[in-house]
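Report on the following structure.
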Amino acid sequence: MTLIIALPIYADKKAKVIKITVQPQEAAIYVDNNLIGYGYGEFSRPQKKNQVAIIRVECNEYTTAHSKFYGSDERNSLSFNLMQDGFYRGSAASGLVNKYITVTLDPQYYTISENGEVNSQAAWKLLHQILLNYFPEIETTDFHGGYLQTPWKYKTFNMSEKQIRNRVTVRDVTTPERVAFQIKISSEVAGAMQARHGEFDEVDRLPKELEPMVEELQTRIGKASSM
């Protein structure tokens, strides 16, 4: 007689070490505020069922992920696929923001009288037309003082807590040697909480819908000669 012994089949036991993998691979992994790796990390399973490990995964230009892992959790590994922050999808890097760009005016947009007085009203008019395509209004205009400024324009982004604000400032810097304007495109960003208190910081990015404006300001009224 053949004796058949039935051996019980056990499910895999809970591993004592929990593995975490993340995309993108440069993402930093924190467990209980301790950095355990980039893209991959391991931590010890909480010893008690109700004990919890706090997990945070973050990477520049991506939305931070938060999670909790209890000792009673059956899993032996975790994986995260971070979503790109909507702020970075909806904006572009720019080396022209937050600094004055000098634009030498095209002669068709100004005249010089016999006594040397410059009349650049045509340039100011075109400048208004350009800016009103991107801003709802012009906040300050002083032809005689040679100064113009738009109000701040605010923008939020899907899948992001960041808010950006932009405005344009123009000043007449005409000298006997050349007729020119200086143009500054201000760009500042803040998180949701900071934005409520008006606590914005300069950022070298610009909403993508304002990129054509930068090109127009540099080329339509004249030629950008320096930064």
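Okay, here's what the table says:
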| item | result |
| --- | --- |
| Extreme residue, nearest to Lys208 (Cα to Cα), among residues of the range 70-116 that are open to solvent by 30 Å² or more (accessible area, probe 1.4 Å) and small (Gly, Ala, Ser) | Ala93 |
| Within the range 18-69, strands (runs of 3 or more DSSP E) holding 3 or more residues that are open to solvent by less than 50 Å² (accessible area, probe 1.4 Å) | 28-31, 52-58 |
| Residue, farthest from Ile130 (Cα to Cα), within the range 172-223, restricted to residues that are of a type in the set (Val, Ile, Thr), out of contact with any Ser or Thr (no Cβ under 8 Å at 6 or more places or on another chain) and open to solvent by 40 Å² or more (accessible area, probe 1.4 Å) | Thr175 |
| The range 9-37 residues that are of a type in the set (Ser, Thr, Tyr), paired with ones that are at pLDDT 95 or above and assigned to a loop (DSSP other than H, G, I, E, B) (beta carbon under 8 Å, 6 or more apart) | Thr21/Gly39 |
| Inter-residue pairs, beta-carbon under 9 Å, first β-branched (Val, Ile, Thr) and in the range 151-173, second open to solvent by 30 Å² or more (accessible area, probe 1.4 Å) and part of a loop (DSSP other than H, G, I, E, B), 6+ apart | Thr156/Lys162; Val168/Tyr134 |
| Sole residue being modelled with pLDDT of 95 or more and closer than 27 Å to Ala192 by Cβ, chosen from Ser44, Ser67 | Ser67 |
| Index of the failed condition, Gln194 passing every other in (1) assigned to a loop (DSSP other than H, G, I, E, B); (2) free of Cβ contacts under 8 Å to residues at least 12 places away in the same chain | (1) |
| Residues that are in contact with a strand residue (DSSP E or B) (Cβ under 9 Å, 6 or more places away or on another chain) and either in a loop (DSSP other than H, G, I, E, B) or more than 19 Å from Tyr109 (Cα to Cα) (or both), drawn from the range 172-191 | Val173, Thr174, Arg178, Val179, Lys184, Ile185, Ser186, Ser187, Glu188, Val189, Ala190, Gly191 |
| Within the range 66-80, tally of residues that are polar (S, T, N, Q) and under 12 Å from Ile29 (Cβ atoms) | 2 |
| Residue tally, condition over 19 Å from Val179 (Cβ atoms) and surrounded by 18 or more Cβ atoms within 10 Å (Cβ to Cβ), over the range 117-132 | 1 |
| Strands (runs of 3 or more DSSP E) fully within the range 99-166 counting 1 or more residues that are β-branched (Val, Ile, Thr) and under 19 Å from Pro207 (Cα atoms) | 100-105, 153-156 |
| Single condition Thr169 does not satisfy, out of (1) open to solvent by 50 Å² or more (accessible area, probe 1.4 Å); (2) of a type in the set (Ser, Thr, Tyr); (3) outside any loop (DSSP other than H, G, I, E, B) | (1) |
| Test: residue in the range 3-26 that is under 22 Å from Asn158 (Cβ atoms) and at pLDDT 95 or above | yes |
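The values are calculated or read from the model by the stated rules, or taken from the named source; none is laboratory data. Since this is a predicted model, take the numbers as computed values, not measurements. Heads up, the Cβs are rebuilt from the backbone with ideal geometry, glycines too, and the neighbour counts pull from every protein chain shown. SASA here: full protein model, heavy atoms, side chains in, ligands and nucleic acids out. Shrake-Rupley method; radii C 1.70, N 1.55, O 1.52, S 1.80 Å.
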